[in-house]
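Before any comments, here is the structure.
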Protein chains: 2
Amino acid sequence: MKVIILGIDGYIGWALALRLLREGHEVVGVDSLYTRRRVEEVGSGSVTPIPEINRRISEASKFYGSNITFYHGDVNDPDFVYNFMEKEVSDAIVHLAEQRSAPYSMIGLRQARETLIQNMGGTINLVYAMKDIAPKAHLLKLGTMGEYGTPNIDIPEGFFEIEYHGRRDTLPFPKFAGSWYHWSKVHDTNNLMFANRVWGLRITDVMQGVVYGTRTREINETGFYTRFDIDEVWGTAMNRFCVQAVLGIPITAYGKGDQRRGFLSLEDSISCLMLGLEKPAGEGEYRVYNQFDEHYSINEIAQFVKDAGESILGRSIEISHVENPRVEKDQHYYNPEHRKLRELGYHPSRSLKEDVHEIISDIQKFRDTAEKYRSSVAPKTYWKESSGLRNQH
Amino acid sequence: MKVIILGIDGYIGWALALRLLREGHEVVGVDSLYTRRRVEEVGSGSVTPIPEINRRISEASKFYGSNITFYHGDVNDPDFVYNFMEKEVSDAIVHLAEQRSAPYSMIGLRQARETLIQNMGGTINLVYAMKDIAPKAHLLKLGTMGEYGTPNIDIPEGFFEIEYHGRRDTLPFPKFAGSWYHWSKVHDTNNLMFANRVWGLRITDVMQGVVYGTRTREINETGFYTRFDIDEVWGTAMNRFCVQAVLGIPITAYGKGDQRRGFLSLEDSISCLMLGLEKPAGEGEYRVYNQFDEHYSINEIAQFVKDAGESILGRSIEISHVENPRVEKDQHYYNPEHRKLRELGYHPSRSLKEDVHEIISDIQKFRDTAEKYRSSVAPKTYWKESSGLRNQH
């Protein structure tokens, strides 16, 4: 199979490229190196070592004996998208090339506009290019479990049958996201449903939980790390907690810490994406997966990190509850369904509680790098302070 | 009260400005004259005579003895929005400054991007400027009944209480729009809900039906017409049917003609918007109205126009069913609620069946202009043909 990965230089994109190569598929990579630049801007960088893009691409190509073709450019530029789509006839396109940070989108008006316009613009270019050039190709697009928010009812996988005033219909589940970033993914989902309705494009829209981990089979095998961010803008809570444990900073759990989210290991995320590619949406089908394994509260995550950290590092680790910079419910019902991927054959292979050890050990290995970015870990981006008049940072 | 109207040069904006002036309010107008330019591009123009903007503003100011301050610029430019928001401390902002044509958004990728980015960008600038400069002002924003699509259940006003797997919650009603334009309004609605949630902005989001008519009390009193579009891109079905009747072209009902939509007269639309301004959303409130009076099928509208036209013009008028250029359900359930405005005190004063006579008479008065734009009335924009490689027109 020939797969175009938009966002090949990113956390998921790189790990997916290695898996595809290992399994003998042809990979085309597209990236604007946006995340590298934006992470640098907040005074941080990947804790794991990642070489510059051309070296990275050629090393992986060499290791697996298959050439990755790489296109450097911005998917929000229609000409750029039409150009690589015309040159590379592919079976599938995996779209990971979006601004992916909730805090970044909440820094101020400039970042809000950038997130909303950049993410929507890329997806629109892509569905038009598919419609014009590759109407039978399969689009695997990364959304987020955060699109659903935290309703007081079960969360289905995309659609649900409801009764209202005595009549029934199957409708998209109402979304309520918690940042401009998360809303940009809701807007994408809506635009993709419409592209499917009008032009019959084959689309898998993946509502993915928070992904954790530094390793996959291929990363173990090659030593070609994927990026790992630990600052307050680009790093997840899990990543920040682990780096705080290593650096001897108290773990900063936001608010009461009872917020629950779905989680998934990097290894299992890649397996799920592979399943989505190997068993694609049918002709004219738009399908939605909820892609996560377990859900945990922030307090539970903090406790796992504390326990693992104390056992590895041999010293006590403090958990400190700081003012929640986000606007989100502290306590809420949370019961999202996630059956479809298991029905396709997915079996989870990792658990968060165990993987925490591996993550902490990897950060220890690159402790000097983590130390360098120490000041970027504490919260600085407050939802209520987002403004067009002054930058929060 | 002091009101800023974004889109004062448009169909609704102009009629609302006259009403506000007549009732002694202070009006600030903002417009980029976008609609004038875009209508010219498709070889058409307003059938009713509308003078250039400065004359129009000064004539209305003189008639009602109150100066309209006018800002010429693009609401998708953050600096422009912050500039007028800082200069004009107002009680309310009415946001009508969006690309408002479904067919325009479906011409091709350029127009799709323009619609999605322009509409979203303006609304985002506005909520940030309100948050930073006028956090207590009331935003009255025009959405569309088209956001809901045509589900097989009743359509509530914005939110509904549902039971799912034995639990209950009140959630936003799931949207399913029928063009990039309609989706841009859904995206706005989502972004507005979030701006309200995070910053407590006071917002009324109006899901308006199709507005018909050439007249309001103030237009009758002043002779200052609002624009009236009749081409396939910028004119509604009702407008096109009336001009076809006058020009002796068969009425082009799209598809089977059983599609149903909600309708409202221009006079009553303005009364509803005035009610929304006089009884604003409370502090921290986000509320949604369904603003329409009656719903009709395309066939019913065509028949009203045929009957009125034959009686006024004294000759027979043909209804012709042409291939539907849109992708939409032909036959569907349609029962949207619309109680809230009536509870606020709204009483409809006009009916579509009667107003058709007035519209046809007005078009007859400007028949030479209508004749000039004759070739722009027939459908040319096909949803399935929208492309990034070639322009449909």
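Please go through the range B:147-169 and pick out each residue that is at the interface with chain A (Cβ under 9 Å from one of its Cβ atoms), among the charged types (D, E, K, R) and more than 17 Å from A:GLY166 (Cβ to Cβ).
B:ARG167, B:ASP169
Kindly provide the set of residues from the range B:103-129 that are more than 23 Å from B:VAL39 (Cβ to Cβ) and more than 10 Å from every other protein chain (Cβ to nearest Cβ), ordered by number.
Residue satisfying the conditions is B:LEU126 alone.
In this structure, does A:LYS175 turn out to be within 11 Å of another protein chain (Cβ to nearest Cβ) and either under 20 Å from B:THR123 (Cβ atoms) or acidic (Asp, Glu) (or both)?
Judged against the criteria, A:LYS175 is a match.
Only one of B:ASP132, B:ASP91 is within 22 Å of B:ARG197 (Cα to Cα), in contact with a strand residue (DSSP E or B) (Cβ under 7 Å, 6 or more places away or on another chain) and at the interface with another protein chain (Cβ under 10 Å from one of its Cβ atoms). Can you tell me which?
B:ASP132
Helices (runs of 4 or more DSSP H) wholly in the range B:198-313 with at least 3 residues that are of a type in the set (Gly, Ala, Ser) - which ones?
Here the list reads B:266-278, B:298-313.
Restricting to the range A:213-227, count the residues that are on the phi < 0 side of the Ramachandran plot and crowded, with 23+ Cβ neighbours inside 10 Å.
Total meeting the criteria: 4.
Of all residues in the range A:328-371, which are in contact with a Gly (Cβ under 7 Å, 6 or more places away or on another chain) and under 30 Å from A:LYS384 (Cβ atoms)?
Within the range A:328-371, A:GLU328, A:ASP330, A:PRO336 qualify.
Of the residues A:ASP330, A:ASP355, which is assigned to a loop (DSSP other than H, G, I, E, B) and acidic (Asp, Glu)?
A:ASP330
Tally the residues that are without any contact (Cβ under 8 Å) to a residue 24 or more places away in the chain and outside any helix (DSSP H, G or I), restricting the search to the range A:51-66.
The number of residues fulfilling the criteria is 3.
Among A:HIS165, A:HIS187, which is the only one that is more than 23 Å from A:ARG36 (Cβ to Cβ) and either modelled with pLDDT under 95 or buried (at least 24 other Cβ atoms within 10 Å of the Cβ) (or both)?
After ruling out the rest, the residue left standing is A:HIS187.
Rundown of residues vs (1) surrounded by fewer than 15 Cβ atoms within 10 Å (Cβ to Cβ); (2) within 30 Å of A:VAL127 (Cα to Cα); (3) at pLDDT 95 or above, yes/no style:
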| residue | (1), (2), (3) |
| --- | --- |
| A:LEU264 | no, yes, yes |
| A:GLN291 | no, yes, yes |
| A:GLU310 | yes, no, yes |
| A:GLU323 | yes, no, yes |
| A:GLU328 | no, no, yes |
| A:HIS338 | no, yes, yes |
| A:GLY345 | yes, yes, yes |
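Can you find a residue in the range A:370-383 that is within 12 Å of chain B (Cβ to nearest Cβ) and assigned to a loop (DSSP other than H, G, I, E, B)?
Checking the range A:370-383: at least one residue is within 12 Å of chain B (Cβ to nearest Cβ) and assigned to a loop (DSSP other than H, G, I, E, B).
Here are some residues: A:GLY65, A:GLY122. Which one is closer than 30 Å to A:PHE366 by Cα and modelled with pLDDT of 95 or more?
A:GLY65
The values are calculated or read from the model by the stated rules, or taken from the named source; none is laboratory data. Small disclaimer: the values here were computed from a predicted structure and weren't measured. Glycine also receives a Cβ, built like all others from the backbone with ideal geometry; neighbour counts cover every protein chain displayed.
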